[in-house]
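Working notes, structure below.
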Amino acid sequence: MSRTLRAPKLHRRLHQSITLQHAQPVSFASAVQAKIAQIDTERPFSPSLIDTFHRRHDYLRISLTEKCNLRCFYCMPSEGVELSPKEHILTDDEVMRLATLFVKSGIKKIRLTGGEPTVRKGIVDLIGRLNNLRRYGLRSIGMTSNGIALHRRLPQLVDNGLTHLNLSLDTLDPFKFEIMTRRSGHDAVLRSLQVALDSPGLQSVKLNVVIIKDLNEYEALDFVEMTRERRLSVRFIEFMPFTGNKWQQNKMVPSSELLSRISSKHPGFYKAADELNDTARSFKIPGYLGSFGFISSMSDHFCGSCNRLRLTADGQIKVCLFDNKEVSLRDRIRAGATDDDLLDLIGQAVRGKAEKHGGMKDLDDLRKGPNRPMILIGGVYSRNAFNVSMRHRRSYGATQNNVSVIQRRPFSSQRDAPELKLSHIDSSGRPSMVNVSDKTPTKRSATAVGRIYIPPVVYHLITDASGEEDMEPDKGEVPTDPLGKAKQKVRSKGDVLTVAQLAAIVASKKTSDLIPLCHPLTLSHVLVGLTPERCASSGSMDGNHTLRHRIVCRATVTCEGKTGVEMEALTAVSVGLLTVWDMLKAVAGKEMVIGEIYVERKTGGKSGDFVRDADVMRCDTNKF
């Protein structure tokens with residue numbers, strides 16, 4: 001039975017119950033307030049969880065870890081985050097102590113987050129321990145997970161007390177999933193979703209979808225269609241700004257725009273009854289088992305009814321998602337604080353909560369304001385992730401309402417900000433992958449060239465040139481001289497140029513694994529050639545005329561993508577030449593020299609085509 005059908009019956013029962021207790025007629029609103037007051041008297045609600053705007057906080061989100069097995073770009077900066085030392089993370093006993101204190105003070109709902117909470121060791125037992133807090137008034141234990149490793153553990157988690165599950169899945173396209181999360185695993189998430197829907201012990205299963213303009217906004221109708229035959233709630237979440245996620249307002253899709261798009265296909269949808277303090281506005285389509293909704297944190301905030309507090313993995317209490325002020329409960333616990341001391345500290349933090357968005361006035365302030373990356377809030381965060389330069393130290397000891405807090409300063413002036421000279425360096429001076437999300441895929445190609453200089457004996461060995469010293473030994477004959485043994489060892493490894501060619505092709509496809517800030521690309525074609533060349537020098541330093549030979553490696557790589565393939569071509573050439581060196585080191589390990597690796601030409605991209613001057617390719621071996 002839906003909530004919309006149950007609500008009138010609930011109101012009638014409540015009204016009948018109240019009427020029996022009052023001889024004088026009273027208004028329904030007054031009767032409800034009286035009943036709520038009666039319930040509060042039976043189970044007191046701690047003033048420490050009530051802020052100056054009279055918001056009662058009965059929902060606690062606990063981050064269990066800063067680690068995650070995905071790298072979603074809207075959650076984690078492209079350069080990653082610096083994790084807190086293990087000893088800074090709350091232990092299970094510390095989590096339980098704080099959770100018990102919060103529940104006894106009035107918390108009714110706990111949600112476990114991360115990072116990715118399933119990567120924390122002992123999470124099954126921890127949920128079992130949290131389930132014992134029901135005797136103090138805890139009503140539900142939820143978890144938000146990316147679903148990568150969830151399907152195997154979910155039955156145990158539900159058996160131990162998990163009641164609500166939110167899965168994060170931003171796209172139904174496996175390829176786009178890897179772009180958004182920088183990892184594979186789309187099938188694993190869908191498998192976890194099915195296990196969750198088949199779990200009778202779960203009271204609700206919700207799917208969180210962060211919508212990014214021009215990336216996944218057109219999948220909204222596909223997600224809505226998932227609710228036709230599934231008791232699933234899909235919630236579309238507006239793209240929110242956090243440190244390092246390169247938020248732009250034009251990348252945010254307002255919920256009203258999505259709702260209009262959905263209504264064009266499903267004009268008969270209707271508003272569903274929302275739970276008290278629910279962050280999502282929910283809707284249903286006639287005949288569909290599930291529902292869809294919107295979490296409009298940016299365009300239509302729900303700050304006025306916010307009842308949430310956050311406890312980070314390193315023990316900081318955050319009273320607002322967008323507020324960078326934090327209070328360390330962990331440090332007070334480890335300093336020997338009593339529960340009363342902790343509750344007093346919590347109360348001071350809660351009373352310092354701003355009316356909305358951490359006290360910031362508009363979207364631009366939110367974008368510029370310092371805050372943990374999302375992965376470090378409820379979510380991961382490193383205490384050092386925002387300011388990493390010694391020139392931009394965090395300021396400690398600031399106070400608000402007599403609470404000692406930590407504040408992270410943004411770059412406040414042009415003098416403070418490091419000068420941006422390199423595309424792979426962000427404003428804080430840390431390595432950063434270039435954002436190509438705004439670029440349009442085009443056909444691109446690049447050709448790189450490199451050379452390895454070899455002595456004559458190696459040149460003849462490779463080209464099978466005639467010469468008594470290079471002739472194959474007779475069958476069964478074992479070379480006795482050092483050079484002969486070395487040649488036999490080289491020949492036993494296989495054809496040098498063929499092996500090097502294969503190595504170069506494989507390397508080009510692995511470039512993003514070898515070079516940290518390179519984008520993973522789907523290559524259309526890789527062509528590699530290795531050509532031995534004989535080249536005479538004009539002389540040597542001792543006046544003797546010598547021969548200096550070389551192998552030229554040339555690699556051409558093409559793709560249809562948002563960024564160029566120069567690095568793929570250069571990687572192919574480099575690894576190809578290194579393979580030649582490895583194959584021939586038994587004969588000439590001391591004499592060979594690798595050099596002159598460069599991009600010969602490229603096509604496509606915003607910077608246009610490029611061809612290097614042919615003079616660079618001249619045969620100039622004197623320097624070797």
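The values are calculated or read from the model by the stated rules, or taken from the named source; none is laboratory data. Note that the structure is a prediction, hence the values are computed from the model and not measured. Here the Cβ is made from the backbone with ideal geometry for all residues, glycine too, and neighbour counts use every protein chain on show.
Inside segment 560-616, residues that are in a helix (DSSP H, G or I) and either outside the structural domain of A500 (by TED's automatic domain parsing) or not hydroxyl-bearing (S, T, Y) (or both) make up a count of 23.
Look at segment 216-226 and say how many of its residues are buried (at least 20 other Cβ atoms within 10 Å of the Cβ) and in contact (Cβ under 8 Å) with a residue 60 or more places away in the chain. So the answer is 2.
Out of curiosity, is F45 modelled with pLDDT of 85 or more, surrounded by fewer than 15 Cβ atoms within 10 Å (Cβ to Cβ), touching a Lys or Arg at 6+ places or on another chain (Cβ under 8 Å) and among the aromatic types (F, W, Y)?
So F45 does not fit the description; no.
The residues of segment 584-610 that are hydrophobic (A, V, I, L, M, F, W, C) and modelled with pLDDT under 85, listed by number, are A586, V587, A588, F610. So for segment 136-147 (the condition being polar (S, T, N, Q), over 26 Å from the mean Cα position of the chain (by Cα) and under 14 Å from I107 (Cα atoms)), does at least one residue qualify? Among the residues of segment 136-147, at least one is polar (S, T, N, Q), over 26 Å from the mean Cα position of the chain (by Cα) and under 14 Å from I107 (Cα atoms), which makes the answer yes. The residue of segment 94-120 that is surrounded by the fewest Cβ atoms within 10 Å (Cβ to Cβ), among those that are out of contact with any helix residue (DSSP H, G or I) (no Cβ under 9 Å at 6 or more places or on another chain) and not aliphatic (A, V, I, L, M), is K108.
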